[in-house]
Amino acid sequence: MNTATSVKRRYRGSSTEERRAQRRQQLIDAATRIYGEHGYRHSGVKQVCDAAGLTQRYFYESFGHSDELLIACYEQTARKVRELNMAAAEAAGDDRSARSRAMLQAYFTYLRDHPQEARLLLVDIRGISPSVDEAIDRSLRASSQDMTRALAQPGQHFDEMLQAGILGGVIHIALYWMESGYRHSLEAVTETALKLGASLLE
């Protein structure tokens, strides 16, 4: 095999993988919109593929079944929110109360400004399958670790049960806010959730 042929084949292989990754991302982005609009239980593979502009055979190129796509959508969105929260904490400086407020405000702002992704993250997500529940649990553990990195003093370890309670409380505040049509102001919701977080900083 000459060098030109070898390079050409490697290029083609790379290009094929890139196109496959692009199609996978198209499906994730389309499914995030569809699930956010209609709910996962009311959305089918064909509906997602049509929204992505792909035939159904490309769905099975990347995913074995719909739950795998849901997990990919959930993990992508959850990761995005965690990154925004941590960036907000860093921008707030060293004061732990300011960092906590900044993280909460970033979280609630994202939910308000992205209602489809908020529904994907929080509404009707539990109980779909054990693998989806495991993905949610992994995300919550990652959020707890972020909380520790952002708010713990050097050498301090937060109580895991307390962290779980605070995260659960913040999620329920978010759900209440969403169900009310975001009736309360961002500042009011943030300050309410901050009262929960204050117990962690004491």
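The values are calculated or read from the model by the stated rules, or taken from the named source; none is laboratory data. As the structure is a prediction and not an experimental result, all values here were calculated from the model. No Cβ is skipped: glycine too gets one built from the backbone with ideal geometry, and neighbour counts run over all protein chains shown. The accessibility values were calculated without ligands, DNA or RNA, using every heavy atom of the protein model including side chains. Shrake-Rupley method; radii C 1.70, N 1.55, O 1.52, S 1.80 Å.
Among the listed residues ASP94, ASP124, identify the single one that is exposed (fewer than 15 other Cβ atoms within 10 Å of the Cβ), outside any helix (DSSP H, G or I), charged (D, E, K, R) and free of Cβ contacts under 8 Å to residues at least 60 places away in the same chain.
On the way: ASP124 fails: free of Cβ contacts under 8 Å to residues at least 60 places away in the same chain.
Answer to the check: ASP94.
Considering only the range 37-53, state which residues are open to solvent by less than 10 Å² (accessible area, probe 1.4 Å) and touching a residue at least 60 places away in the same chain (Cβ under 8 Å). Please lay out each step first, then the result.
Restricting attention to the range 37-53, the residues satisfying the condition of being open to solvent by less than 10 Å² (accessible area, probe 1.4 Å) are 39, 48-49.
Answer for the range 37-53, where residues must be open to solvent by less than 10 Å² (accessible area, probe 1.4 Å) and touching a residue at least 60 places away in the same chain (Cβ under 8 Å): just GLY39.
Provide a single number: the residues in the range 97-121 that are among the charged types (D, E, K, R) and exposed (fewer than 15 other Cβ atoms within 10 Å of the Cβ).
Just the residues of the range 97-121 that are among the charged types (D, E, K, R), to begin with: 99, 101, 112-113, 117, 119.
In the following step, the residues that additionally are exposed (fewer than 15 other Cβ atoms within 10 Å of the Cβ) were identified as 113.
Of the residues in that region, 1 qualify.
Which number in (1) open to solvent by 60 Å² or more (accessible area, probe 1.4 Å); (2) under 17 Å from the mean Cα position of the chain (by Cα); (3) free of Cβ contacts under 8 Å to residues at least 60 places away in the same chain marks the one condition that GLU75 misses?
Only one criterion in (1) open to solvent by 60 Å² or more (accessible area, probe 1.4 Å); (2) under 17 Å from the mean Cα position of the chain (by Cα); (3) free of Cβ contacts under 8 Å to residues at least 60 places away in the same chain is unmet by GLU75, namely (3).
Out of all the residues in the range 135-154, is one or more free of Cβ contacts under 8 Å to residues at least 40 places away in the same chain and either at positive phi or touching a Gly at 6+ places or on another chain (Cβ under 8 Å) (or both)?
No, the range 135-154 contains no residue that is free of Cβ contacts under 8 Å to residues at least 40 places away in the same chain and either at positive phi or touching a Gly at 6+ places or on another chain (Cβ under 8 Å) (or both).
Which condition number does VAL132 fail, the rest of (1) open to solvent by 30 Å² or more (accessible area, probe 1.4 Å); (2) in a helix (DSSP H, G or I); (3) aliphatic (A, V, I, L, M) being met?
(1)
Can you say whether ARG57 is open to solvent by 70 Å² or more (accessible area, probe 1.4 Å) and either of a type in the set (A, V, I, L, M) or within 20 Å of THR77 (Cβ to Cβ) (or both), as far as the supplied structure shows?
On the way: open to solvent by 70 Å² or more (accessible area, probe 1.4 Å): yes; either of a type in the set (A, V, I, L, M) or within 20 Å of THR77 (Cβ to Cβ) (or both): no.
No.
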